[in-house]
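Beneath this line is the structure, given in structure tokens, with notes to follow.
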């Protein structure tokens, strides 16, 4: 064995250091190969470390871009679907609230009317839209609480296909009767209806509408029986009452007050838990001994699966919008009371209303094709 290897066991040690005075011996090929591997491995380790640093920087950039994209919501216009025709109370509320949302979100809010099939067309469209926070529904009792119990075939699941971003408002119903009836109070009307059993009628703005279901609860509570006559809208329904063609109608208070003040109908009571500030002179059915507490409402809903941060952003914007004086005052004039909430409270309310309206429909035996 060469002295260099025998003396120190390392081929890189020249004989000048291990065996002084003797000429250096040639290094074996395997030893030289091992030396080269170690030398290049050192360079590769440096390169690998450098590449790992570059990957870490790129990952950080991607994460920051993703975070920035989430923080930027919304970054383009939103669509606010109204499942009723333009010009009605629901459409008016949507346009008022949409204006406030646009100011709070910094993006245009486009109100889009998709009426038909007792609001099922518009609701179904939103239910099956992309859950990205850019398509919203102005949900009502019809869309979330009535249709699921009324129709055998429906294109969406009211409890599973939507997530609530928040409650927009609530509003009470009012019982109005024909000015031709010889009654002045709710007790008078109930007594008169019992005396004329089988001869009384009530109107609504359609089969399965909130006006019909609300009146059905009144009939169940008072043990009355009256013929239902549906009309295509609230206007012809209340006109029929004013003309004496129909005896009674359950209508939003905001619609009832001006008609009563003009002498076209008699306003007997409201269905709210307490008297309304907009009509403090009108008693509640509850205080008169008839525990009928029912009302309409609007909820801002989005497709199920919408990111939680988008729902939280919409909720914050909605609550801020309906608190704006210029928005709140106009809503109150429309007969609805702004009702800020959390998404969880709104979802809970939707589920409770689904059960409440369903119980009334089942007890009344109402169904639709």
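The values are calculated or read from the model by the stated rules, or taken from the named source; none is laboratory data. Everything numeric in this text was worked out from a predicted model, so none of it was measured. Quick reminder, even Gly has a Cβ in these numbers, built from the backbone with ideal geometry, and neighbours come from all protein chains shown.
List of remarks:
- Among the residues of the stretch 114-153, those identified as modelled with pLDDT of 95 or more and surrounded by fewer than 17 Cβ atoms within 10 Å (Cβ to Cβ) are 121, 128, 130, 132.
Table: residues versus (1) outside the structural domain of residue 87 (by TED's automatic domain parsing); (2) in contact with a strand residue (DSSP E or B) (Cβ under 6 Å, 6 or more places away or on another chain); (3) buried (at least 22 other Cβ atoms within 10 Å of the Cβ).
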residue: 195; (1), (2), (3): no, no, no
residue: 206; (1), (2), (3): no, yes, no
residue: 210; (1), (2), (3): no, yes, yes
residue: 265; (1), (2), (3): no, yes, yes
residue: 271; (1), (2), (3): no, yes, yes
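- Within the stretch 239-258, the set of residues being modelled with pLDDT of 95 or more, assigned to a helix (DSSP H, G or I) and in contact with a strand residue (DSSP E or B) (Cβ under 7 Å, 6 or more places away or on another chain) comprises 240, 241.
- Against the list (1) over 16 Å from residue 298 (Cα atoms); (2) assigned to a loop (DSSP other than H, G, I, E, B); (3) touching a helix residue (DSSP H, G or I) at 6+ places or on another chain (Cβ under 9 Å), the condition residue 158 fails is (1).
- The listed residue being assigned by TED's automatic domain parsing to the domain that holds residue 211 and closer than 17 Å to residue 140 by Cα, out of 289, 365, 358: 358
Condition check ((1) on the phi > 0 side of the Ramachandran plot; (2) within 19 Å of the chain's Cα centre (by Cα); (3) surrounded by fewer than 17 Cβ atoms within 10 Å (Cβ to Cβ)) across all residues:
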position	(1), (2), (3)
319	no, yes, no
323	no, yes, yes
335	yes, no, no
338	no, yes, no
341	no, yes, no
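- Looking only at the stretch 69-113, and only at residues there that are at pLDDT below 95 and over 18 Å from residue 142 (Cβ atoms), the one that is surrounded by the most Cβ atoms within 10 Å (Cβ to Cβ): 70
- Filter result (out of contact with any helix residue (DSSP H, G or I) (no Cβ under 7 Å at 6 or more places or on another chain) and free of Cβ contacts under 8 Å to residues at least 60 places away in the same chain) within the stretch 117-146: 117, 121, 122, 124, 125
This table checks each residue for (1) buried (at least 16 other Cβ atoms within 10 Å of the Cβ); (2) over 31 Å from the mean Cα position of the chain (by Cα).
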{"residue": "183", "(1), (2)": "yes, yes"}
{"residue": "232", "(1), (2)": "no, no"}
{"residue": "249", "(1), (2)": "yes, no"}
{"residue": "268", "(1), (2)": "yes, yes"}
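- Residues of the stretch 267-315 classified as farther than 30 Å from residue 359 by Cβ and in contact (Cβ under 8 Å) with a residue 24 or more places away in the chain, total: 6
- Residue check for residue 305: closer than 18 Å to residue 137 by Cβ, surrounded by fewer than 17 Cβ atoms within 10 Å (Cβ to Cβ) and either assigned by TED's automatic domain parsing to the domain that holds residue 88 or under 13 Å from the mean Cα position of the chain (by Cα) (or both): yes
- Conditions (1) out of contact with any helix residue (DSSP H, G or I) (no Cβ under 6 Å at 6 or more places or on another chain); (2) more than 29 Å from residue 255 (Cα to Cα); (3) assigned to a helix (DSSP H, G or I): number failed by residue 311: (1)
- Residues in the stretch 160-180 that are buried (at least 19 other Cβ atoms within 10 Å of the Cβ) and more than 36 Å from the chain's Cα centre (by Cα): 178 alone.
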